[in-house]
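Some notes on the structure that comes next.
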Amino acid sequence: MLFYFNKMKVLKFGGTSVGTPERIKGVRKIVESQQAPCIVVVSAFQGITDELKVTCELASAQNEEFRAQLSRIITRHKDVIRQLAGKDKAQSLLEKTETILNNLEKTLNGIYLVRELSKHSLDEVLSTGELLSSLIISSIIDGSIYVDSREVIRTDSNFGFANVDFETSGKLLRKSKAASEKITVMPGFIASNEKGETTTLGRGGSDYTAAIVAAALEAELLEIWTDVDGFMTADPKKVEKAYAIENLTYSEAIELSHFGAKVIYTPTLRPVYKKNIPILVLNTFKPELKGTLISHKPTNGNISPIKGISSIDHIDLITLQGTGMIGVTGTSMRLFGALARKNINIILITQASSEYSISFAVVPSDSDNAVESIRIEFRTEIELNNELNVLIEKNLSIIAIVGEKMKNTPGISANLFKSLGRNGINVIATAQGSSELNISVVIKNESLRKALNVIHDGFFLSRYKEMHLFVAGTGLVGSSLMKQLQEQASVLLNEHKLKVNLMGVVNTRKMVLDKKCVSLNNYKEALKTSTEKGDIAAFINYMTKLNLRNSIFIDCTANEDVAARYREILSKYVSVVTANKIACSSEYSYYQVLKSVASEKGVRFMYETTVGAGLPIIKTINDLVVSGDKILKIEAVLSGTMNFIFNELGPDMPLSTAIKKAREKGYSEPDPRIDLSGTDVVRKILILAREAGYQLEKEDVVVEKFLPEECFTGDLNSFFEKVSKYDNQFEAKRKELAARGMKWRFFATLDEGKARVELLTIGSDHPSYNLEGSNNIILLTTTRYRELPMVIKGYGAGADVTAAGVFADLMRVVNV
């Protein structure tokens, strides 16, 4: 009888594994390939247990629909038999199942007649699923025998969740054929009491059956075959980068299961834990994978101190608080005693060290009963003495990080809370046992997916990092940025492990948003066919509701309304990258608020391209100031547009034509009067002055216009008519300057805290004399660079270089 004990394996197959005839063939292949003797425990076919329960409920309500439901269940099983069993076996098997199905029909008719569904009757009906599946599967596996679990697993009469008599069950199992045959098939989930009445083992009962059998027969290994690759580092439905964990200790597996990992049912572990029998979780549909091995032995190969992240999606947090708890012994005993009497399961407990409050988490369906039991138990303290009150917080979730290596490893909590905090996820409650095996946090349910992903990124080495982009503006700069992102996407992913996800695009006409990403290749077509009107408020609202980690809002507009929304965006823990000068050149107080909010929320506010397109001007000034240097003077040609215009002037290129050319090439603003009036340069010198530490407002900048005021009134067409009147005058002046070896440069100057913008004439000895095309030049005189100013020079206008600067800012955000 004991010949196979030390080499035997127990294999359990869940409902999804035996959900269709094709899947059952896969199970047969796995079982028949086993070298060692094995016992196969199977669940009901996928969905059958739920269907049987519905049938019971219909019958107890005397709803005739139960008969049609029963007929569908019968037909499904008979169809499986006809597809899997050969002609010789099919008839015999149909006759055997007929007995089970006749008993099912009699029980349901009885329930229908008495209009009552007892737990005893429910167990009788639900057992049918496992009885049928195990009988069918046993008949198609060559060399197997069938053992009815009700004959070898004994329980009490707590129908629906029966308690196992391990001693009696062990004796019966060791005496059964299962102990000595090569392949034995048994139904999971079901057992019987001492009267021989059918009982069930509750949720996850088939896993439990397999563990009971493995422990009783001292199996070498328990294999749980399911529809996932094993225990995962996180829920793969919520965390795309989750991967299978190769090894877990029993304690780690129990903790992960308790906090929502639905791979196996937690009580499953108890029988095998006591006998030190390893559990191997495998994927029925990918039998070649390693799966997850659960044992007493911790592993040394895991780099991360945590093994996995688990979560419970929906919980309520109930808090008992008040002065009536401080220094009063027995409060906890009374609280949890009252809850126990109502059979309320506590998921998490946390208590303030001041003894002022105790908080605990329950499933939402238990909340009302829990509160009622507390109010009854503490009626005197709550109603009469007004010393205690009960609070309920709903729509919450629990996340638990689990790992044996967390013990005595500093920085785990810091990493956890940093990951959550910098992404704007508030922790409502936290708990950690003295064993340091897990740290649990309670957060709002709406932040669950984001929280799981940021924690996973914080603790596990991922194949790549992701950034989620929301782009406003599809003009020259916006389109150029999209093109650069598209061209560089594969390089970023393959060489820098950075995945670019374009989540939304908005312009003045339309917008497109997609939870699964907008294609960088087809965003224009998506915008064209979109039915959503461009609405920046709705766009930002959608972006913040998505609540994705590493979200970045990119402003490629020159729109004041968009710039006015930066504070709102930053406060929602979304970084902002902008080429729009308006925000940073508006009131100094708003500029300061934006920087302050970004710092407070731990996100980035990047605006390098607001001055000098892709030139590293702002970064250089910041580096100088941070290192202790002081900016004394700034002399700069900051308008690529203006430099282009004055470089183009000549006998065949009058002023009005040069302005039109600058507009056509995309160097100027859509309305070039913004450049010509000095408004654009005023904004730029204002930004640089503020970065240098000077608290200037727009009104503090002196502007000397080189065109009469009449040119700046009216529409754009009238502007070109008016400016053309001055073409000859400018050409005559240009010739005079050229004869003297001089040129025009449109300069912005900051000197001793005072700023001005004006058109200057410069000689050949000036660094800006040979400044070509649309280039910019910036001369920085500082305490350290007093004798010879620092010079920054290069392209300062154009869609491509500006977009490249925005791209560079994006990389700085991601790599912070």
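The values are calculated or read from the model by the stated rules, or taken from the named source; none is laboratory data. This one's a predicted model, so the numbers in the text were calculated from it and none came from an experiment. We place every Cβ from the backbone using ideal geometry, glycine too, and count neighbours over all the protein chains shown. Note: areas computed on protein heavy atoms with side chains; ligands, DNA, RNA excluded. Shrake-Rupley method; radii C 1.70, N 1.55, O 1.52, S 1.80 Å.
Quick one: putting +1 on the C-beta of Lys and Arg, -1 on the C-beta of Asp and Glu, what dipole do you get for the stretch 474-628 around its Cα centre, in Debye to the nearest 20? Kindly include the intermediate steps, with their values, before the conclusion.
Numbers: 20 positive and 14 negative charges, 91 e Å.
Result for the stretch 474-628 is approximately 440 debye, rounded to the nearest 20.
Ratio of Rg to Rh for the stretch 430-535, alpha carbon only, Kirkwood?
That ratio equals 1.13.
Taking H placed 1.01 Å from N in the peptide plane, check which residues at least 5 places from Lys465 or on another chain put their amide H under 5 Å from its amide H.
Here Leu498, Lys499 satisfy the definition.
What residues of the stretch 171-196 lie in the reach of a label at Asp148, counting those whose backbone N is under 16 Å from a point 7 Å from the Cα along Cα→Cβ?
173, 176-178, 185-196
Please report, in debye to the nearest 20, how large the charge dipole of the stretch 229-362 is about its Cα centre when each Lys and Arg carries +1 at its beta carbon and each Asp and Glu carries -1 there.
The dipole of the stretch 229-362 has a size of about 420 debye.
Using percent of Cα pairs over 46 Å apart as the read-out, say which of (1) 42; (2) 46; (3) 72 was calculated from these coordinates.
(2)
May I ask you to list the aspartates and glutamates whose Cα is less than 18 Å away from that of Lys394, ignoring any residue fewer than eight positions away on the same chain?
Lys394 reaches Asp313, Asp316, Asp366, Asp368, Glu372, Glu446.
In a solvent-free Debye calculation with one equal scatterer on each Cα, what is log10 I(q)/I(0) for the stretch 129-191 at q = 0.24, 0.28, 0.29 Å⁻¹, listed in the order of the q values?
Result of the Debye calculation: -1.01, -1.17, -1.20.
Which order do peptides 453-459, 138-144 fall in by mean Cβ count within 10 Å, highest first?
Those peptides, ordered most packed to least, come out 453-459, 138-144.
Mind giving me the FRET efficiency for Thr657 and Glu525? R0 is 41 Å, r the Cβ-Cβ distance, nearest 0.05 is fine. Present the calculation step by step, with values, prior to reporting the outcome.
On the way: r = 36 Å, r/R0 = 0.88.
Computed FRET efficiency for Thr657 and Glu525 comes out at 0.70.
Gain in length, Val390 to Glu218, computed as 0.36 nm per residue apart minus the alpha-carbon separation, to one decimal in nm?
Contour length minus the Cα-Cα distance gives 57.0 nm.
If the label point is 7 Å along Cα→Cβ of Lys705, which residues in the stretch 540-569 have backbone nitrogen under 19 Å from it?
Under 19 Å, as judged by backbone N against the label point of Lys705, lies no residue of the stretch 540-569.
Please give the net charge around Ile412, taking every other residue with its beta carbon less than 14 angstrom from that of Ile412, where Lys and Arg add +1 and Asp and Glu add -1.
Spelling it out: positives minus negatives among the neighbours equals +2.
Given the options Leu70, Gly86, Tyr112, identify the residue whose Cα lies farthest towards the positive end of the charge dipole of the stretch 58-113 (+1 on Cβ of Lys, Arg; -1 on Cβ of Asp, Glu).
Result: Gly86.
Using 1/(1 + (r/R0)^6) with R0 = 22 angstrom and r between the beta carbons of Ala537 and Ser571, what's the FRET efficiency to the nearest 0.05?
Efficiency, from the Cβ-Cβ distance: 0.90.
Could the peptides 278-285, 648-655 be put in order, highest first, of the mean number of other beta-carbon atoms found within 10 Å of their residues?
278-285, 648-655
Where does the charge balance sit around Glu197 when Lys and Arg score +1, Asp and Glu -1, over other residues with C-beta under 12 Å from its C-beta?
0
About its Cα centre, how strong a charge dipole does the stretch 450-529 have in debye, to the nearest 20, once Lys and Arg get +1 and Asp and Glu get -1 at the Cβ?
Dipole magnitude for the stretch 450-529 comes out near 220 debye.
Using amide H atoms built in the peptide plane, which far-off residues or other-chain residues are under 5 Å from Tyr243 H to H?
Result for Tyr243 returns Thr233, Ala234.
When only alpha-carbon atoms are used, what values of Rg and Dmax, in angstrom, describe the stretch 210-297?
12.4, 40
Just the accessible area per residue of the chain, please: how many Å² with a 1.4 Å probe?
With the other protein chains kept in place, the chain gives 45 Å² per residue.
Put +1 on the Cβ of each Lys and Arg and -1 on the Cβ of each Asp and Glu in the stretch 369-425; which of Ser373, Ile399, Asn385 then has its Cα farthest toward the positive end of the dipole?
Farthest towards the positive end: Ile399.
For the stretch 494-552 and the stretch 268-284, what is the centre-to-centre distance using only Cα atoms, to the nearest Å?
The stretch 494-552 and the stretch 268-284 have Cα centres spaced 46 Å from each other.
Tell me which residues come under 5 Å, amide H to amide H, from Thr155 once H is placed; ignore anything under 5 positions away on its chain.
Here Asp165, Ser192, Asn193, Glu194 satisfy the definition.
Give me the distance in nm between label points sitting 7 Å out from Cα along the Cα-to-Cβ direction at Lys195 and Lys96, one decimal.
2.9 nm
Can you give me the pair-distance distribution of the stretch 528-589, C-alpha pairs, 5 Å bins, whole percents?
Histogramming the stretch 528-589 at 5 Å steps yields 4, 17, 27, 23, 18, 9, 2, 1, 0 percent.
Are any of the pairs Lys106/Lys195; Lys307/Lys515; Lys510/Lys665 more than 23 Å apart by Cα-Cα distance, and if so, which?
Lys307/Lys515; Lys510/Lys665
Extending each Cα 7 Å along its Cβ direction at Asn158 and Ala340, get the distance between those two points in nm, one decimal.
1.3 nm
If I compute solvent accessible area with a 1.4 Å probe over the protein chains, what percent of it on the chain is carbon and sulfur?
Carbon plus sulfur share of accessible area: 48 percent.
Of Ile439, Tyr273, Ile569, whose Cα points farthest to the positive end of the dipole of the chain (charges on the beta-carbon: +1 Lys, Arg; -1 Asp, Glu; origin at the Cα centre)?
Of the listed residues, the answer is Tyr273.
Mind jotting down the distance between the C-alpha centroids of the stretch 631-685 and the stretch 382-422, whole Å?
About 57 Å separates the Cα centre of the stretch 382-422 from the one of the stretch 631-685.
By how many nm would the segment from Glu57 to Lys619 lengthen if fully extended, with 0.36 nm per residue of separation less the alpha-carbon distance?
That works out to 195.3 nm of additional length.
What does the helix-only formula give at 222 nm for the chain: each DSSP H stretch with n ≥ 4 adding -39500 (n - 2.57), the total divided by the residues, and the result rounded to the nearest 500 deg cm²/dmol? Show your work: numbers first, answer last.
Numbers: 27 runs with 324 residues, N = 816.
Mean residue ellipticity, 222 nm, calculated: -12500 deg cm²/dmol.
What relative contact order, as a whole-number percentage, does the chain give when Cα pairs under 8 Å and 6 or more residues apart are counted?
Worked out over the chain, it gives 8 percent.
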